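Since the structure comes first, as C-alpha cells, the remarks are kept for the end.
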Amino acid sequence: MEAQKFIDEKINEIKETVRDGKAISALSGGVDSSACTVLAHRAIGDNLKVVFIEDGLMRENEAQDVVKIFSDLGIEVRVVDAQKDFFSALKGITDPEEKRKAFRSQFYEVFKEEVLKSQATFLVQGTIAADVVETRGGVKTQHNILEQIGIDSQKGYGFRVVEPLKELYKHQVREVAGELGLPPKIYQRMPFPGPGLAARVVGEVTPEKVSMVRKATRIVEEELDSLKPFQAFAVLLNDRGTGLEERKRKFGNILVVRSVESKDAMTAEPTQVPWEILTKISQRITREIPDVVRVAYEITPKPPATIEYI
Ligand code: XMP
C-alpha cells in the first residue's frame, strides 16, 4: 500500500459518495477513528460533524487531548458527556459478552441522538480489516460492526455507512494516519477497545473500579514507554487479596499488568519486560493506588487468551 495514493483515492471515494450531504463521525481518539475522521474532513470539510462520546471509560485526559489535537488540525469536535448513562447501562452486568452488548446499545443510543441532531445521512466509521475478520469469525462482536447490531445501512436509523479503512491492517492505518498529519501521539497510540476500560474490569463495572484501572493504566504506560510495546494496560480482578499496612492485615484489590507484542492483534506474545521495570510498576501501583495490595504480570499469549479480558 502506498499511503498517499490510498489517501487520494479514499478522499475521492468519500466525495463521490457523500456529495453535498452531511456526515457524522464518532471520534474516540484512537488511530482508526482519527484517521477516518481526517480523511472525511479532507473530503467534505465542515459537512462532517465530529462527536466525541465521553463514556467515562476513557484513559486519563483523553477527551481534552483529542479535542486539542483536532482543533490544531482545524477540525471542531463536540464532546457529549454520557458518563452516567454508560455506568447505569453497565450496572450489575458481570458477563464479558453481556458487557459488550450493554456498551454497544448505549453507545448507539447516544450516537443516534447526535445523528438526528446533526441531520447527517452518512456515518463515517473506522472499521479495519481485523474487526471484520474477528467479527465474521465469531471471535467477538466488535461494537463498530453495524451488521451485528441490526442496523440496516439503507433503512435503520436512516444513514449509510462509510468505512474507508476497511481493507487495512493496523500498521497500515498508522502509516496513513502519519501521512494525514496526525501527531505521533495518535498514530503510535496503542489500540484501545471500543468498550474502553470496561474491558479491563473483571466483574461489575463501577466508577470506582474504572478510576483504579485508569490510574494504573497511566502508570503502566509511563513505565513501559521506553519498550514501545504493541499494547500495555492494567486489569482489575473481581476478587480481593490480603495485604499488610503498618503490620496489620488489610484486604485490597488485585491488578494484573498485561503487555503484549503483536503485528496485527490477531496473535500476540507477552512482552519480556525487564524485572526492574516490573518491580517499579508494582511499587508505584501499590503506593499510588492504596486500594491495591497485589500486582501480577500476565504471561499468556494470544491464543489461548485474547488480548483484552472481554
Ligand atoms: P482481543 O482482545 O480480541 O483484541 O485479542 C484484539 C485487538 O482489538 C482491540 N479490541 C477492540 N478494538 N473495538 C475496537 O476497536 C472493540 O470493541 C475492541 N475489542 C478489542 C484490542 O485492544 C486488541 O488490540
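At-a-glance table
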{"item": "Members of segment 65-93 found to be exposed (fewer than 13 other Cβ atoms within 10 Å of the Cβ) and either assigned by TED's automatic domain parsing to the domain that holds ALA234 or under 20 Å from ALA198 (Cα atoms) (or both), listed by number", "result": "LYS84, SER88, LYS91, GLY92"}
{"item": "Top-ranked residue in segment 262-310 [being within 16 Å of the ligand (Cβ to nearest atom) and β-branched (Val, Ile, Thr); ranked as surrounded by the most Cβ atoms within 10 Å (Cβ to Cβ)]", "result": "THR271"}
{"item": "Failed condition for PHE192, given (1) away from the ligand (no atom under 16 Å from the Cβ); (2) within 27 Å of ALA82 (Cβ to Cβ)", "result": "(1)"}
{"item": "Breaking point among (1) more than 16 Å from the ligand (Cβ to nearest atom); (2) part of a helix (DSSP H, G or I); (3) of a type in the set (S, T, N, Q); (4) crowded, with 19+ Cβ neighbours inside 10 Å, for SER211", "result": "(4)"}
{"item": "Residues (charged (D, E, K, R) and at pLDDT 95 or above) located in segment 184-238", "result": "ARG200, GLU204, GLU208, LYS209, ARG214, LYS215, ARG218, GLU221, GLU222, GLU223, ASP225, LYS228"}
{"item": "Options LEU180, LEU244, LEU227, LEU237; residue that is surrounded by 20 or more Cβ atoms within 10 Å (Cβ to Cβ), over 16 Å from ARG59 (Cα atoms) and either more than 16 Å from the ligand (Cβ to nearest atom) or not hydrophobic (A, V, I, L, M, F, W, C) (or both)", "result": "LEU180"}
{"item": "Residues within segment 1-52 that are in contact (Cβ under 8 Å) with a residue 60 or more places away in the chain and either more than 16 Å from the ligand (Cβ to nearest atom) or over 11 Å from VAL176 (Cβ atoms) (or both), tallied", "result": "28"}
{"item": "Segment 159-200, residues that are among the β-branched types (Val, Ile, Thr) and without any contact (Cβ under 8 Å) to a residue 40 or more places away in the chain", "result": "VAL161"}
{"item": "Residue within segment 75-98 that is among the charged types (D, E, K, R), at pLDDT below 95 and more than 29 Å from ALA268 (Cα to Cα) present", "result": "no"}
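The values are calculated or read from the model by the stated rules, or taken from the named source; none is laboratory data. Note that the structure is predicted; figures quoted are calculated from it, not measured. Positions of Cβ are generated from backbone atoms using ideal geometry, with glycine treated the same way; all protein chains shown enter the neighbour counts.
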